1. Where in segment 1-114 are the strands (runs of 3 or more DSSP E), entirely inside, with at least 3 residues that are closer than 23 Å to T370 by Cα?
2. Among the residues of segment 441-480 satisfying the criterion of being of a type in the set (A, V, I, L, M, F, W, C) and in contact with a strand residue (DSSP E or B) (Cβ under 8 Å, 6 or more places away or on another chain), which is surrounded by the most Cβ atoms within 10 Å (Cβ to Cβ)?
3. Return the residues of segment 383-405 that are within 21 Å of Q355 (Cα to Cα) and hydroxyl-bearing (S, T, Y); say none if nothing qualifies.
4. When the residues of segment 13-55 are filtered to those that are hydrophobic (A, V, I, L, M, F, W, C) and within 16 Å of K313 (Cα to Cα), which remaining residue is farthest from the chain's Cα centre (by Cα)?
5. The conditions are (1) open to solvent by 40 Å² or more (accessible area, probe 1.4 Å); (2) farther than 25 Å from R268 by Cα, and V110 fails exactly one of them. Which is it?
6. Do you know which of the residues in segment 149-174 that are polar (S, T, N, Q) and buried (at least 22 other Cβ atoms within 10 Å of the Cβ) is nearest to E111 (Cα to Cα)?
7. How many of the residues making up segment 310-351 are open to solvent by less than 40 Å² (accessible area, probe 1.4 Å), polar (S, T, N, Q), more than 29 Å from E399 (Cα to Cα) and assigned to a loop (DSSP other than H, G, I, E, B)?
8. Checking the condition among the hydroxyl-bearing types (S, T, Y), without any contact (Cβ under 8 Å) to a residue 12 or more places away in the chain and in the same structural domain as V89 (by the TED database), which residue from T333, T323 passes?
Amino acid sequence: MACTTILVGKNASYDGSTIIARNEDSPNGEFTPKELLVVNPQDQPRVYKSVISHVTIELPDNPQRYTAVPDALRTQGIWGSHGVNASNVALSCTETITSNERVLGADPLVELQPAQGKEGDPDYQPEVPGGIGEEDILTLVLPYVSTARQGVKRYGQILHDYGTYEMNGIAISDVNEIWWVETVGGHHWIARRVPDDSYVTMPNQFGIDEFDFDDALGEQEEFMCSEDLPEFVEDNHLNLALESTSPFNPRWAFGSHSDSDHVYNTPRAWYMQRYFNPLDASWDGEDADFTPVSDDLPWCRQPDHKITIEDVKYILSAHYQGTPYDPYGKLGTPATRTLLRPIGINRTNHLCVIQLRPYAPEVSRAIQWTAFSSNVFNALIPVYANVAEMPAYYRGEGEDPSTDNFYWANRIIAALADARFHDNAAFVDRYVEKVGGLGYAMIAATDAAVNDLVGSGKAAADEMDNPAVRQILTEANQTFAQKVQKETNKLLSQVLYTTSMGMTNGYHMSDN
């Protein structure tokens with residue numbers, strides 16, 4: 001799955017929150033309807049079977065409630081994508097990442113082996129299930145962990161026991177810290193804690209560029225990994241450092257370094273870091289410190305200013321504005337404008353930004369900001385996670401387009417607005433600002449109502465199932481969904497009119 005991830009440590013965010021965010025993008029030629037919902041404990045399977053790999057896994061009998069953004073049609077399985085559980089642990093899965101032949105030869109991916117021949121025949125070979133993949137991870141991990149570190153270890157154990165059929169990176173966070181985990185071949189993994197004062201940029205390639213094995217196998221303050229990873233690296237000659245005393249660089253050991261990375265992956269990291277650190281380096285021109293083809297872009301950086309939710313939305317909607325690579329721009333040439341893969345691409349299914357706020361009571365700490373379809377033309381809306389169900393407007397309606405569904409309304413708007421981008425841009429900008437302002441007003445009013453209950457003693461700050469609090473959050477989500485639908489329909493009307501007036505078969509003379 002083609003995606004883009006940004007992670008923001010608590011001291012790098014505008015309000016002290018940990019923030020994890022990712023675009024989920026469909027493969028080329030596909031569009032996947034998504035929905036936002038809540039999975040209550042009684043709805044969580046106790047025996048899980050993957051649609052793609054056919055692996056069967058028994059699950060614990062004590063799942064927590066959690067949110068998810070699964071495929072609406074489920075034809076390829078659940079693909080839960082993003083969520084927050086009742087312990088305020090958040091998970092984003094996954095960022096498909098790259099590898100190299102040395103790694104895949106040393107620890108092959110665990111792929112489904114279909115049955116061969118006819119059952120009962122002497123040469124019949126039964127099916128051999130594959131490992132886990134993006135389809136499965138949220139369902140297998142999120143309901144069973146109460147801290148981010150527990151999430152890393154549970155995921156690592158599942159990889160050890162069942163393997164994976166694809167290379168993936170996942171983000172898992174709680175209010176204190178964020179961890180990034182990357183798979184290494186079929187069964188191995190590596191994880192690094194995001195520094196509190198930094199942000200991380202992740203396109204679809206292996207990212208971690210520095211690792212401390214002593215810490216990973218000892219105190220695990222900043223690093224974790226498979227128990228046998230040092231031996232795996234040594235036995236398979238994966239460490240590419242010139243000096244034995246040099247720090248271990250996992251990106252060089254486990255990742256790819258292909259020409260295609262320079263048009264598909266590294267440009268996205270370049271543009272994100274260019275946005276957050278304009279003063280720290282030169283980014284443009286022949287003498288730039290970093291360019292779209294730089295293989296040495298750091299995995300994490302301290303930003304030039306604290307990062308807001310709006311910053312995250314802007315950069316995950318980006319199409320290289322202000323550069324010769326903007327497909328909607330006038331700089332450069334027709335060739336440069338279509339050279340690089342945009343961050344805000346047409347086939348985005350949804351964007352999720354999960355904010356865990358340290359200053360809010362646990363009962364209302366998690367906000368799951370959500371946007372559907374292409375981010376160039378949509379708005380990010382806040383949703384409280386600690387509820388029993390989500391508004392119908394955000395849930396799935398199937399494969400038939402309908403303006404009564406938030407995903408489909410945004411998909412239609414994007415297709416119409418793109419056709420007359422410059423004529424519709426002002427309408428989209430005003431929509432984003434209007435919905436964003438309404439969202440922050442909703443959060444302020446809802447937080448105040450929750451704080452009144454907590455302060456009066458009618459609810460405990462950590463009482464996640466308090467009916468009075470959850471009713472406030474549920475009603476806030478529902479009322480705001482109605483406002484979002486109204487504003488989205490208004491934008492649809494505006495772009496429909498503007499694009500219709502610009503149709504090729506238009507003619508200015510009229511008979512009335």
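1. The strands (runs of 3 or more DSSP E) meeting that bar are 2-8, 18-25, 37-39, 66-68, 82-84, 90-96.
2. Result: F480.
3. Y384, Y394, listed by residue number.
4. I19
5. Failed condition: (1).
6. Top of the filtered list is T164.
7. Step one: list which residues in segment 310-351 are open to solvent by less than 40 Å² (accessible area, probe 1.4 Å), which gives 311-313, 315-320, 323, 326, 329, 336, 340-345, 347-351.
The next check asks that each one be polar (S, T, N, Q); those that pass are 317, 323, 336, 348-349.
Remaining after also requiring more than 29 Å from E399 (Cα to Cα): 323, 336.
Within this subset, residues satisfying the condition of being assigned to a loop (DSSP other than H, G, I, E, B) are 323.
Of the residues in segment 310-351, 1 are open to solvent by less than 40 Å² (accessible area, probe 1.4 Å), polar (S, T, N, Q), more than 29 Å from E399 (Cα to Cα) and assigned to a loop (DSSP other than H, G, I, E, B).
8. Answer to the selection: T333.
The values are calculated or read from the model by the stated rules, or taken from the named source; none is laboratory data. What you are looking at is a predicted structure, and each value in this text was computed from that prediction instead of being measured. Here Cβ is always computed from backbone atoms with ideal geometry, including for glycine, and neighbour counts include all displayed protein chains. The protein model used for the area step is the full one, side chains on, heavy atoms only, and it has no ligands, DNA or RNA in it. Shrake-Rupley method; radii C 1.70, N 1.55, O 1.52, S 1.80 Å.
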